[in-house]
Amino acid sequence: MKLYHFPISPNSRRVVAVIHHLGLECELIALDLSKGEHLTPEFISLNPNHMIPTLVDGDTVLWESNAIMQYLCAKVGDDS
């Protein structure tokens, strides 16, 4: 899994916290929004809204923090 994020974004921080809480392995890729790194053709091909965070897990690409967190929790499968 890869998570494209902006480290000071509250939505990114929530997703990173869930990843750590669940003990998931995920490559964190920080994007610098001030440099327009979220506007590159490569990133826009993943997320046409060019928003962060964006999660890539195989063929699955999610770019809304609540959807990402729900996906991660479902992936673990423990509803405790």
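The values are calculated or read from the model by the stated rules, or taken from the named source; none is laboratory data. Since the model is a prediction, treat every value here as computed from it, not as a measurement. Neighbour counts run over all protein chains shown; Cβ positions are idealised from the backbone, glycine included. The accessibility values were calculated without ligands, DNA or RNA, using every heavy atom of the protein model including side chains. Shrake-Rupley method; radii C 1.70, N 1.55, O 1.52, S 1.80 Å.
Taken together, the residues in the stretch 27-40 that are open to solvent by 80 Å² or more (accessible area, probe 1.4 Å) and polar (S, T, N, Q) amount to 1. Being surrounded by 15 or more Cβ atoms within 10 Å (Cβ to Cβ), modelled with pLDDT of 95 or more and out of contact with any helix residue (DSSP H, G or I) (no Cβ under 9 Å at 6 or more places or on another chain) is the requirement here; does TYR4 meet it? Considered against the rule, which asks whether it is surrounded by 15 or more Cβ atoms within 10 Å (Cβ to Cβ), modelled with pLDDT of 95 or more and out of contact with any helix residue (DSSP H, G or I) (no Cβ under 9 Å at 6 or more places or on another chain), TYR4 comes out as no. Summed over the stretch 41-77, the residues that are within 20 Å of ARG14 (Cβ to Cβ), open to solvent by 60 Å² or more (accessible area, probe 1.4 Å) and of a type in the set (S, T, N, Q) give a count of 3.
Every condition in (1) free of Cβ contacts under 8 Å to residues at least 12 places away in the same chain; (2) on the phi < 0 side of the Ramachandran plot holds for GLY77 except the one numbered (2). Taking the stretch 10-22 as the range and being open to solvent by 60 Å² or more (accessible area, probe 1.4 Å) and touching a residue at least 12 places away in the same chain (Cβ under 8 Å) as the test, the residues that pass are ASN11, ARG14.
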